[in-house]
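To start, the structure under review is shown below, and the notes come after it.
Every number here is computed from the coordinates shown, using simple stated rules; none is lab data. Since this is a predicted model, take the numbers as computed values, not measurements. Cβ coordinates were reconstructed from backbone atoms using ideal geometry, including for glycine residues, and neighbour counts include every protein chain displayed.
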Amino acid sequence: MPQYVSFMHDIIGRIHDGFYPPGGKLPSIRELAQEYGVSRRVAHYAVGQLAFQNYLYTEPKSGIFVNPELRPGLFYRIGFLLNEDNPMECGTAIAAISRIASESMFKTVLISNYGQRRDLADFLKKDNSFDGFLLYGQVTETLASAVGKFKIPYMVIGNYEISERHPQCRTDVKGAVADALEKEFRPFAGKRIAALMGSRKYQSDRAATEGLKLAVERAGAVTSDSLIASCESDGYEECLRLMKQKPDVLYIRLSLRIGYEKYCLRNPDSPRPYVIYDSGRSSGVFHESRIFNKVITAASDEAVVENAVKQLIAMIHKEKKEEV
């Protein structure tokens, strides 16, 4: 661990423990450097970073002080546990979490095991200076139970088939998909709608499929079980089967765009239906219009993520108040 990081962690710990009370004055840079056995340059940089993160502030010719709005007993750190998913594809959620948390003076720390054989519970054993955790990505009963053992408030973001004892901030996937697709399908009343949907073994994917069927019904369009593919991989094989039925419209959900893109590359001259791609993200869509006729966001995670952060922070403050 870099010297300045160790320095910062210790100062944050002392603020948490009340050793440096809100508004209290810290030793000088020279004294801190001597105490921690680091150079003045390292101490100065660490203090600057703590000031940037709103733990400290400095007054010329007066010294270094603790932010008077901080409360002892809090680290003002929230861990964002992203299990297995690629952080590069979760930018909207990460940005929303950081923004909402910072409004209450909490810093968020991304903890990811994407592309690594890294046990998130083991990470927390090494660094548990967090006030709470947000669980996202591929959340399992094992992961939620492991985090629960730390006796720190946590919130699961999304709809997962895990024990009800784990607090979850859910989203109405069925309703969101139905509302968004009804508008898109209305111009295709009487036409045949096909869809590449996620696996039925996942609750949110089942809900999205129900929303799709409801939207088709409301819009006066047509679909059937043979036109709705439940995909276990990238959706390419299912796309081949659907295209043989010559649908008028194809709805593609989230990462299943990969299967359709592969189909377009391998069958460049084949007739294509009107394609609606649901990116699931409210920003950052970059897909070419020649492949997708319309890119939409039927059920963005942004709103549920913001709500999850607010609920977690409320849980943190409630627990600290009860301890006092």
Problem - Computed over the chain: relative contact order in percent, which uses C-alpha pairs under 8 Å that are six or more apart - result: 14 percent
Exercise for the section: For E232 and E103, compute 0.36 nm times the residue count separating them, minus their Cα-Cα distance, and round to one decimal in nm. Expected result: 42.5 nm
Exercise for the section: Would you kindly give the portion of the calculated P(r) for the stretch 173-300 that falls above 26 Å, as a percent of all Cα pairs? Expected result: 11 percent
Problem - Mean Cβ count within 10 Å, highest first, over the residues of peptides 135-147, 73-85, 157-169 - result: 73-85, 135-147, 157-169
Exercise for the section: Quick one: which residues, 5 or more positions from Q168 or on another chain, have an amide H under 5 Å from its amide H? H modelled 1.01 Å from N in the peptide plane, none for Pro or chain starts. Expected result: V156
Problem - Relative packing of 246-259, 37-50, which averages over residues the other C-beta atoms within 10 Å, highest first - result: 246-259, 37-50
Practice task
Return the Cα extents of the stretch 31-121 along principal axes one, two and three, sorted largest first, each rounded to a whole Å.
Solution key: 48, 30, 24
Completion exercise
For the chain the translational diffusion coefficient, Stokes-Einstein from a Kirkwood Rh over Cα pairs at 10 °C and viscosity 1.306 mPa s, in µm²/s, is roughly 71 µm²/s
Completion exercise
Only helices counted: for the chain, with every DSSP H run of 4 or more residues adding -39500 (n - 2.57) and the sum spread over all residues, [θ] at 222 nm is -13000 deg cm²/dmol
Problem - Out-of-range pairs (alpha-carbon distance over 30 Å; input K107/K213; K107/K262; K262/K294; K149/K213) - result: K107/K213; K107/K262; K149/K213
Completion exercise
Taking Cα atoms only, Rg over Rh for the stretch 3-66 with Rh from the Kirkwood formula is 0.91
Completion exercise
Net charge (Lys, Arg +1; Asp, Glu -1) of residues whose beta-carbon lies under 14 Å from that of A46, A46 excluded, is +1
Practice task
Lys and Arg at +1, Asp and Glu at -1: add these up for the other residues within a Cβ distance under 10 Å of S112 and post the number.
Solution key: -1
Handout entry: Protection proxy ranking, peptides 119-126, 174-181, 310-317, average beta carbon neighbours within 10 Å, highest first
Key = 174-181, 310-317, 119-126
Exercise for the section: For the stretch 50-196, restrict the atom set to alpha-carbon positions and state the Rg and Dmax in Å. Expected result: 20.3, 77
Problem - Highest-fluctuation residue, M243, M105, M88 considered, GNM on the chain with Cα pairs under 10 Å - result: M88
